[in-house]
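First the structure, in the form of structure tokens, and then the observations on it.
The values are calculated or read from the model by the stated rules, or taken from the named source; none is laboratory data. Everything quoted here is computed from the prediction, not taken from an experiment. Positions of Cβ are generated from backbone atoms using ideal geometry, with glycine treated the same way; all protein chains shown enter the neighbour counts. Note: areas computed on protein heavy atoms with side chains; ligands, DNA, RNA excluded. Shrake-Rupley method; radii C 1.70, N 1.55, O 1.52, S 1.80 Å.
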Amino acid sequence: MMQQSVAEPAAVTFTMPARKSRAQRIMRILIRKRLMTFSFFILIVIGLASALAPWISPYSYVATDTANTLSSPTRLHWFGSDVVGADTFARTLYGGQVAFMVGGFASVISLGMALAMGLTTVQIGGWFDILLQRVVDAWLSLPFFVVVLTAVAMFGPGLWTVILILGVSRSFGLSRVIRGSALREQGMVYIEAAESIGATKLRIALRHVLPNLLPVVIVLITLVFAQSILAEAFLSFLGWGVPPPKPSWGSMLSGQVIQYMYQQPWLGVFPGVALTATVWAANLAGDGLRDILDPRLRGQNV
Amino acid sequence: MAGYAIRRFLLFFPTILLVSIIVFTLLQLAPGDAADIIGQDASPAKVQAIREQLHLNDPIPVQYLRWVGSLLRGDLGKSLFSGRPVITDVLYRLPTTFELGIMSMVFTAVIGSTIGIISAAKPEGLADQVLRTFAVLGLSLPVFWIGAIVLVVPALKFGYSPPAYYEGLLSDPYTNLRILVPAAMVLALSGIGRISRLMRATMLDVMSQDYMRTARAKGLKETTVLFRHGLRNGLIPVVTLLGLEVPFLFGGSVIVEQIFHIPGMGNYLYDAINKRDIYVAMDMNMFIATIVLMSSLTVDLTYGLIDPRMRTR
């Protein structure tokens, strides 16, 4: 006969998982996101090497060794030397300074401007928003690199010209992303609560909306960092970036250098690898951060 | 649909007007004017005369209106140096850049979406992880470096070089393609990165839809499900992104045409900029922006045709 057996309820033991410290949580993310961790590691290594160039590099970036022009990597010139005998190792390191300066400052400037525009337009709204958004539309329909190249050529090349022009031209498109995120926050109950107790618009923007945009901002900074470095290299390659004697990874491959590469292919290897590695690492780091910080942005191209 | 098309079409005009204001302002902000550039070594009186001749002493709004007026009449002005009408040079060079752009766009669309689909077929699988990492590499590769490698490595390894002189597609297709195919491939790299990422994201989105489950439940073959139901819907956003590739193509063509010695629009703009031929630069910016705007208009209209949901937005 059938016997209904009711399983004894197992003794329920319930233990609260031990709360992990902040450091432990960050470590777990770093281990799970190996690619991102590795990318940050690459960025730190290249960044440090560039920053410490005066101490690491055996040569200055202008010193020429006329006895060893177009040399392959040797014990004397670790990365080889160029057509006038300048040391490629030194120039690659100092070129990194330019890249990190441009990437760092241009991304901070464009995000700063984008935040100012995005937050203002959301708080003021109405005709101001409509007007500004049409200007953003117009700006976005301009071909980015063509405009940047024209502007740099008209204002004259120079490190800070390049940084400012890259930062400003990128900010309009980014303000659209910031505006979108700020609008989403604006619809939240806590903003309504803040409004109901009489908080000013400025206070709402700075104290309530801004901190919640931080994840988006961090992700965007990383990606714009990569794009700005690449854009500066393009400009320098065309001869309109950072003027000589300061080396840039772009200018190290510009002008007649391609002709000399037929004689000495090593000329092209190190600046190209350094540039690609930096931009690749920054893009991968940005992607990783996006997955962690702001999943809503996933799959978007910004 | 008609209402959507008209609304979208009307938006084109204020936008292009704003673009012209931005371009004009940008060049007004720059130090020096055309007279300073032509009369570099001339006496101040001569420079003043040139300034008078080019109407550079008129109020700025008047100068702006004169410029826009001549653009509307289809007059792109003349080069400060060669004296040739800009339109002559542009029409001569347009076919080359057009060919380069179309070829690069085809590479981008075909290779990019294939990679995206393979990625999405087994998300987080080995192929997906590798392909995604390489898609990001595509976005990060400097065009000029890859261009240099494409030229130098075959020359050193196999003694192969592309032809030294450019020929048009019609006059000498073989020479033309030997230069333009590698150039278009190099130009397509970053687009491939962008498109494959988008394709993967939209395919994953489409795959989680109810109609995909229904199709499988009906007993359709997996390939039929993937291609007939999945791909058709997944391709829609890709159409938009292809439209957004147009400005990148123009930017990239400045560099690619420089490396491969192609006499196209990018090369023309670069020459103009190097000589500080500001009218040509201004007109080229305007011309390229117009093409970009028209392509995004076309994309939006096609989008409305493919996806009826878009019309109401």
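Residue by residue through the range B:64-106, note down the ones that are more than 27 Å from B:L187 (Cβ to Cβ) and outside any helix (DSSP H, G or I). Let's see the steps before the verdict.
The initial filter retains those residues of the range B:64-106 that are more than 27 Å from B:L187 (Cβ to Cβ), namely B:64-75, B:77-78, B:80-85.
Answer for the range B:64-106, where residues must be more than 27 Å from B:L187 (Cβ to Cβ) and outside any helix (DSSP H, G or I): B:R73, B:G74, B:D75, B:G77, B:K78, B:L80, B:F81, B:S82, B:G83, B:R84, B:P85.
Sort out which residues of the range A:157-179 are surrounded by fewer than 19 Cβ atoms within 10 Å (Cβ to Cβ) and either modelled with pLDDT under 85 or over 19 Å from A:L131 (Cα atoms) (or both), and write them in order of number.
If the condition is that a residue be surrounded by fewer than 19 Cβ atoms within 10 Å (Cβ to Cβ) and either modelled with pLDDT under 85 or over 19 Å from A:L131 (Cα atoms) (or both), then A:P157, A:G158, A:L159, A:W160, A:L164 are the ones that fit.
Quick one: which helices (runs of 4 or more DSSP H) sit completely within the range A:206-302 and have at least 2 residues that are closer than 30 Å to B:G116 by Cβ and charged (D, E, K, R)?
A:266-293
Just one of the numbered conditions (1) open to solvent by 70 Å² or more (accessible area, probe 1.4 Å); (2) more than 30 Å from B:M207 (Cβ to Cβ) is not true of B:L126; which one?
Result: B:L126 fails condition (2) only.
Determine whether B:I50 is of a type in the set (A, V, I, L, M, F, W, C), buried (at least 18 other Cβ atoms within 10 Å of the Cβ) and at pLDDT below 75.
Working: of a type in the set (A, V, I, L, M, F, W, C): yes; buried (at least 18 other Cβ atoms within 10 Å of the Cβ): yes; at pLDDT below 75: yes.
Yes, satisfied.
State all residues of the range B:158-180 that are modelled with pLDDT of 80 or more and either within 26 Å of A:S251 (Cβ to Cβ) or loosely packed, with under 14 Cβ neighbours inside 10 Å (or both); if no residue qualifies, say none.
Result: B:F158, B:I179.
Output the number of the condition that A:Y262 fails; it satisfies all remaining conditions of (1) of a type outside the set (D, E, K, R); (2) surrounded by fewer than 21 Cβ atoms within 10 Å (Cβ to Cβ); (3) closer than 18 Å to A:A53 by Cα.
Of everything listed in (1) of a type outside the set (D, E, K, R); (2) surrounded by fewer than 21 Cβ atoms within 10 Å (Cβ to Cβ); (3) closer than 18 Å to A:A53 by Cα, A:Y262 misses just condition (3).
Only one of these conditions is not met by B:L72: (1) surrounded by fewer than 14 Cβ atoms within 10 Å (Cβ to Cβ); (2) of a type in the set (A, V, I, L, M, F, W, C); (3) modelled with pLDDT under 75. Which number is it?
Failed condition: (3).
Could you identify the single residue in A:V162, A:V148, A:V177, A:V135 that is closer than 30 Å to B:S253 by Cβ, within 14 Å of chain B (Cβ to nearest Cβ), touching a residue at least 40 places away in the same chain (Cβ under 8 Å) and assigned to a helix (DSSP H, G or I)? So that I can check it myself, show each step before the final result.
Details: A:V162 fails: within 14 Å of chain B (Cβ to nearest Cβ); A:V177 fails: within 14 Å of chain B (Cβ to nearest Cβ); A:V135 fails: touching a residue at least 40 places away in the same chain (Cβ under 8 Å).
It is A:V148.
For B:M185, which of the numbered conditions (1) within 19 Å of B:S119 (Cβ to Cβ); (2) under 19 Å from the mean Cα position of the chain (by Cα); (3) in contact (Cβ under 8 Å) with a residue 40 or more places away in the chain fails to hold?
(1)
What number goes with the only condition from (1) open to solvent by 50 Å² or more (accessible area, probe 1.4 Å); (2) under 26 Å from A:W55 (Cβ atoms) that A:G104 does not pass?
Going through (1) open to solvent by 50 Å² or more (accessible area, probe 1.4 Å); (2) under 26 Å from A:W55 (Cβ atoms) one by one, A:G104 breaks only (1).
From the list B:L100, B:L91, which residue is away from chain A (no Cβ under 14 Å) and open to solvent by 70 Å² or more (accessible area, probe 1.4 Å)?
Details: B:L100 fails: open to solvent by 70 Å² or more (accessible area, probe 1.4 Å).
Selected residue: B:L91, the only one of B:L100, B:L91 that is away from chain A (no Cβ under 14 Å) and open to solvent by 70 Å² or more (accessible area, probe 1.4 Å).
Can you name every residue in the range A:277-292 that is at pLDDT 90 or above and either more than 7 Å from chain B (Cβ to nearest Cβ) or over 13 Å from the mean Cα position of the chain (by Cα) (or both)?
Once the filter is applied, which keeps residues that are at pLDDT 90 or above and either more than 7 Å from chain B (Cβ to nearest Cβ) or over 13 Å from the mean Cα position of the chain (by Cα) (or both), the range A:277-292 yields A:A277, A:T278, A:A281, A:A282.
Here's the yes/no breakdown for (1) open to solvent by 10 Å² or more (accessible area, probe 1.4 Å); (2) over 18 Å from B:M103 (Cα atoms):
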position	(1), (2)
B:L204	yes, yes
B:A215	no, yes
B:T223	yes, yes
B:L242	yes, no
B:E257	no, no
B:I273	no, yes
B:Y279	yes, yes
B:L293	yes, yes
B:T302	yes, yes
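Got at least one residue in the range B:107-123 being within 14 Å of another protein chain (Cβ to nearest Cβ), open to solvent by 50 Å² or more (accessible area, probe 1.4 Å) and part of a helix (DSSP H, G or I)? Write out each step before concluding.
Looking only at the range B:107-123, we keep the residues that are within 14 Å of another protein chain (Cβ to nearest Cβ), and these are B:108, B:112, B:116, B:119-120, B:123.
Now narrow it down to the ones that are open to solvent by 50 Å² or more (accessible area, probe 1.4 Å): B:123.
Of the ones still in play, those that are also part of a helix (DSSP H, G or I) are none.
No; the residues of the range B:107-123 include none that is within 14 Å of another protein chain (Cβ to nearest Cβ), open to solvent by 50 Å² or more (accessible area, probe 1.4 Å) and part of a helix (DSSP H, G or I).
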